[in-house]
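Here is the structure we will look at, set down as structure tokens.
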There are 2 protein chains.
Amino acid sequence: MHPHLARSLTRWTLALLVSLPLLAQAAEVLPSWNDGASRQAIISFVEAVTEQGGKDFVPPAERIAVFDNDGTLWSEQPMYFQVLFALDEVKRQAPQHPEWKERQPFKAVLEGDRKTLAASGLKGLMEIIIATHTNMSSETFHDNAQRWLATATHPRSHRPYTEMVFQPMLELLAYLRDNGFKTYIVSGGEVAFMRVFAEEVYGIPPEQVIGTTFGSRFEDNGGKLSIQRLPTLAHNDDGPGKPESIDQYIGRRPILAFGNSDGDLQMLQWTMAGNGKRFAGLVHHTDAEREWAYDRQSDVGRLDKALDAAKAQGWVLVDMAREWKRIYPFDQAGKSN
Amino acid sequence: MHPHLARSLTRWTLALLVSLPLLAQAAEVLPSWNDGASRQAIISFVEAVTEQGGKDFVPPAERIAVFDNDGTLWSEQPMYFQVLFALDEVKRQAPQHPEWKERQPFKAVLEGDRKTLAASGLKGLMEIIIATHTNMSSETFHDNAQRWLATATHPRSHRPYTEMVFQPMLELLAYLRDNGFKTYIVSGGEVAFMRVFAEEVYGIPPEQVIGTTFGSRFEDNGGKLSIQRLPTLAHNDDGPGKPESIDQYIGRRPILAFGNSDGDLQMLQWTMAGNGKRFAGLVHHTDAEREWAYDRQSDVGRLDKALDAAKAQGWVLVDMAREWKRIYPFDQAGKSN
């Protein structure tokens, strides 16, 4: 080989070796998002707040990002997954509660009587949640939730619930963390349930999961210590409860918030009302084919007032059907519009 | 120079260059601690849980360390500093509360009538705390606390309260973080007060400060959003309240806990009751000359039951007078025993 050619080749190879990882990295950002308005808004926000010396720079310690869970990070149809857990727990725990055979709404659950169950309404549902989530130690509850999550499957996909998470949102969480953000869940779901899987599934450690809480009591039973879960609602982490818990747990205002329903409205408002550059996003369930399509009329995850607010305020509205190439990690076929 | 000698010198120089940083690092660990039982116990614990492949190894995510604040990270005499803040706030806010001139225990505070104030007891104290800490937005409270911390000085040292922190404990916090620990405050103090200075003074961000909380309410006043602090006690983060809040906020059990009083007993018990290697420490106030000396008989920071527990369980008891070379960062003269 001519020495000149050899030198050129070497130089070319070196340039390739240097640039390839950069190209790969650029291509890797949010790969399951079509390159539409939402993806561009996310990337432009992150680049602005991380640009050292830029006018919108935010120090890493203040890069707090909060996410709703149900309908934002995983599906919530045909019903909140935690409610499905509670219903399954009634069946599993029934042998220890012979009285449930005769007592509503437990009787309806055991007999698969959906009509009576639905008629018991929110009050009946809370009775079922309280019965299956409290009056036990935090360790027992953890084990119960873990067992269910490891074995139960979704009625439509027949997959574990922890696989019904949104691939594009997993990528968003990772992208934010790669850019120095601390990612939190702030959800109406009960906190201990989410903590069982949030670290493995979302990469969010227990201490960054905030949710609805029951009362608790430290017990010293002859040297055997436990935290007992009490049948009293301590905090309902929905609507205005979200900025309240953000203030209580985090003690600073997020700069990015993502939700999908009216229960997230105040969290998004609170996030946007701070100084400096901020980001509010809503997942809009528009995909009846691959996921579900619902908004203003839905009982689960109703998106009505927050949809108006998003349009009025120019918040990012993610059109799931149009903007997401994949919904779930197990979706193999990509979709590009 | 003979080539052999040159090689030897080079080798020797290289060895020195390699070993110097290690030596420097070793010398820097906990420099304000005399090399006694407590320092050795801390280092041996940290080395054990961080030794990759060792039998006591703990993954970084589970290296949770919790610290009481009053009497553990800073002084608490002649009275909890937050109580001194509340008393000063009564005086500062008095013009807006003309009724306080005639109403106890406020009248006693304004007139410097210590006897009447003391007679009002815990009930009177709570009234003063509630009046100065609630019925305002979280932002107003933050500003009030920040102003006081920036201007008020301790009656004995005449220094800002944020300088009355324990230099050896600052070093311990940094040493733990250098070894992959996440450091938390879990204190009977009110959480928003501590969050004003914890990041700057201790390197502990707001979201890792847990404490006593008041109720709160999100308010939308014609588009002006705020978190209002309500005059109701939501959680008393003392005694059994500490493991309760650890479970609620962190969601996993610490592997290291440090306190100084009976209010920390359950937190230490809860920490030690987990599996694997664990560490419980108590700061014992034995230094009447440089700080204060008190334990079983003290009204502030009483150490009685927890002292018995420490002795019975072999927890680390830090003898401040004997084991700490310096108390405060402003102490120049080192002390070695």
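With the structure loaded, tell me whether B:Arg63 is at pLDDT 95 or above and not hydrophobic (A, V, I, L, M, F, W, C) or whether it fails that test.
Here the answer is yes, as B:Arg63 does meet what is asked.
Working carefully through the options B:Lys224, B:Lys182, find the one that is in contact (Cβ under 8 Å) with a residue 24 or more places away in the chain and of a type in the set (D, E, K, R).
B:Lys182
Yes or no, residue by residue, for (1) surrounded by 22 or more Cβ atoms within 10 Å (Cβ to Cβ); (2) at pLDDT 95 or above; (3) touching a Cys at 6+ places or on another chain (Cβ under 9 Å):
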position: A:Leu268; (1), (2), (3): yes, yes, no
position: A:Leu303; (1), (2), (3): yes, yes, no
position: A:Gly314; (1), (2), (3): no, yes, no
position: A:Ser336; (1), (2), (3): no, no, no
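Given the criteria part of a helix (DSSP H, G or I), facing chain A (nearest Cβ under 10 Å), closer than 24 Å to B:Arg177 by Cβ and in contact with an Asp or Glu (Cβ under 9 Å, 6 or more places away or on another chain), does B:Met194 qualify?
When the stated conditions are applied, B:Met194 does not pass them.
Where residues in region B:197-211 are part of a strand (DSSP E or B) and within 22 Å of B:Glu163 (Cβ to Cβ), which of them is farthest from the other protein chains (Cβ to nearest Cβ)?
B:Gly211
Considering region B:257-281 alone, what residues qualify as being in contact with a Ser or Thr (Cβ under 7 Å, 6 or more places away or on another chain) and among the aliphatic types (A, V, I, L, M)?
B:Ala257, B:Ala280
Being closer than 22 Å to B:Ile210 by Cα and away from every other protein chain (no Cβ under 14 Å), is that true of even one residue in region A:154-174?
no
Out of A:Arg156, A:Arg177, I need the residue that is part of a helix (DSSP H, G or I) and charged (D, E, K, R). Which one?
A:Arg177 is the lone residue from the list that is part of a helix (DSSP H, G or I) and charged (D, E, K, R).
Just to verify a result, which residue in region A:175-189, among those that are closer than 15 Å to A:Ile64 by Cβ and among the charged types (D, E, K, R), is surrounded by the fewest Cβ atoms within 10 Å (Cβ to Cβ)?
Per the stated criteria, the residue is A:Arg177.
In region A:115-153, how many are under 23 Å from the mean Cα position of the chain (by Cα), modelled with pLDDT under 95 and among the hydroxyl-bearing types (Ser, Thr, Tyr)?
Summing the residues that are under 23 Å from the mean Cα position of the chain (by Cα), modelled with pLDDT under 95 and among the hydroxyl-bearing types (Ser, Thr, Tyr) in region A:115-153 gives 0.
Look at region A:212-237 and say how many of its residues are crowded, with 21+ Cβ neighbours inside 10 Å and more than 10 Å from every other protein chain (Cβ to nearest Cβ).
Qualifying residue count for the region: 2.
Under 7 Å by Cβ, and 6 or more places apart or on different chains, what pairs join a residue from region B:233-250 that is aliphatic (A, V, I, L, M) with one that is assigned to a strand (DSSP E or B)?
Within 7 Å, the pairs are B:Leu233/B:Phe214; B:Ala234/B:Thr213; B:Ala234/B:Phe214; B:Ala234/B:Gly215; B:Ile246/B:Val66; B:Ile246/B:Val186; B:Ile250/B:Ile64; B:Ile250/B:Tyr184.
Quick check: anything in region B:257-264 touching a residue at least 40 places away in the same chain (Cβ under 8 Å), within 11 Å of chain A (Cβ to nearest Cβ), of a type in the set (A, V, I, L, M) and touching a Leu at 6+ places or on another chain (Cβ under 8 Å)?
Among the residues of region B:257-264, not one is touching a residue at least 40 places away in the same chain (Cβ under 8 Å), within 11 Å of chain A (Cβ to nearest Cβ), of a type in the set (A, V, I, L, M) and touching a Leu at 6+ places or on another chain (Cβ under 8 Å), which makes the answer no.
Quick test for you: out of A:Ala145, A:Ala118, pick the one residue that is of a type in the set (Gly, Ala, Ser), over 16 Å from A:Glu190 (Cβ atoms) and part of a helix (DSSP H, G or I).
Going through A:Ala145, A:Ala118 in turn, just one is of a type in the set (Gly, Ala, Ser), over 16 Å from A:Glu190 (Cβ atoms) and part of a helix (DSSP H, G or I): A:Ala118.
Kindly check whether there is at least one residue in region B:269-279 that is assigned by TED's automatic domain parsing to the domain that holds B:Gly71, part of a strand (DSSP E or B) and touching a strand residue (DSSP E or B) at 6+ places or on another chain (Cβ under 8 Å).
Yes, because at least one residue in region B:269-279 is assigned by TED's automatic domain parsing to the domain that holds B:Gly71, part of a strand (DSSP E or B) and touching a strand residue (DSSP E or B) at 6+ places or on another chain (Cβ under 8 Å).
The values are calculated or read from the model by the stated rules, or taken from the named source; none is laboratory data. Fair warning: this is a prediction, and the values are worked out from it, not measured in the lab. Glycine also receives a Cβ, built like all others from the backbone with ideal geometry; neighbour counts cover every protein chain displayed.
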